[in-house]
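The values are calculated or read from the model by the stated rules, or taken from the named source; none is laboratory data. All figures in this text were calculated on a predicted structure; none of them were measured in a lab. For neighbour counting, all protein chains shown are included, and Cβ atoms are generated from backbone atoms with ideal geometry for every residue, glycine included. Keep in mind that these areas ignore ligands, DNA and RNA; they rest on the heavy atoms of the full protein, side chains included. Shrake-Rupley method; radii C 1.70, N 1.55, O 1.52, S 1.80 Å.
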Amino acid sequence: VQLQASGGGLVQAGGSLRLSCAATRRKFSSYAMGWFRQAPGKEREFVSAVSWSGATTDYADSVKGRFTISRDNAKNTMYLQMNSLKPEDTAVYYCAARVWGELSLLSYDYDYWGQGTLVTVSS
């Protein structure tokens, strides 16, 4: 499975961005998917995850109410709508796929990773 993350960029605080993660495999629709991020000098952290059907989602406390995860299995694509962005959201955002199992907050549960897309939020 190859994952291609896109949609990052530079935005002012309070602004919005939508990240996309396109997968190459048809079996994308059976994978739980997640978004993680890594800020400079910090460890990678969980942002959000979605079940294979899209019916179940989870968010880190720091992004609840501001970010929305979704997926379109017909397009083999996952999204992360990010609103009310803050400077502390600045990071490289990675998408990940979990082949077996439910959605997870743990990075080591995921089997495939995209290359990351940089989000920079200016104050």
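So which GluC sites (Glu not before Pro) in the stretch 1-105 pass both tests, a DSSP loop state and at most 12 other Cβ atoms within 10 Å of the Cβ?
GLU43, GLU102
Per residue, how much accessible area does the chain show when a 1.4 Å probe rolls over the protein heavy atoms, in square angstrom?
Accessible surface, normalised per residue, equals 52 Å².
Just to be sure I follow the definition: excluding the sites themselves, where is the longest run in the chain that has none of the trypsin sites (Lys or Arg not before Pro) in a DSSP loop with at most 11 other Cβ atoms within 10 Å?
That gives 65-123 as the longest site-free run.
Count neighbours as other Cβ atoms within 10 Å of each site's Cβ, and list the chymotrypsin sites (Phe, Trp or Tyr not before Pro) in the stretch 5-93 that are DSSP loop with at most 14 such neighbours.
none
In the chain, how many lysine pairs have Cα atoms under 25 Å apart, counting only pairs 8 or more places apart or on different chains?
Lysine pairs, 8 or more places apart or on different chains, close enough: 4.
Given Cβ point charges of +1 (Lys, Arg) and -1 (Asp, Glu) and nothing else, what value in debye, to the nearest 20, does the dipole of the stretch 67-123 about its Cα centre take?
The calculation lands at about 160 debye.
Tell me, what HN-Hα J-couplings in whole Hz come from the Karplus equation 6.51 cos²θ - 1.76 cosθ + 1.60 at θ = phi - 60° for each residue of the stretch 39-53, using x for Gly and Pro?
8, x, x, 10, 7, 5, 10, 5, 10, 6, 8, 9, 6, 4, 8
Would you mind listing how long the chain runs along its three principal axes, going by Cα atoms, in whole Å with the largest first?
Extents along the principal axes: 40, 26, 25 Å.
Tabulate in residue order the Karplus-calculated ³J(HN,Hα) for the stretch 13-21, using 6.51 cos²θ - 1.76 cosθ + 1.60 with θ = phi - 60°, rounded to whole Hz; enter x for Gly and Pro.
Per residue, the Karplus-derived 3J(HN,Hα) values read 3, x, x, 9, 9, 10, 8, 10, 9 Hz.
Sorted from largest down, give the three principal axis spans of the alpha carbons of the stretch 1-51, whole angstrom values.
36, 22, 18
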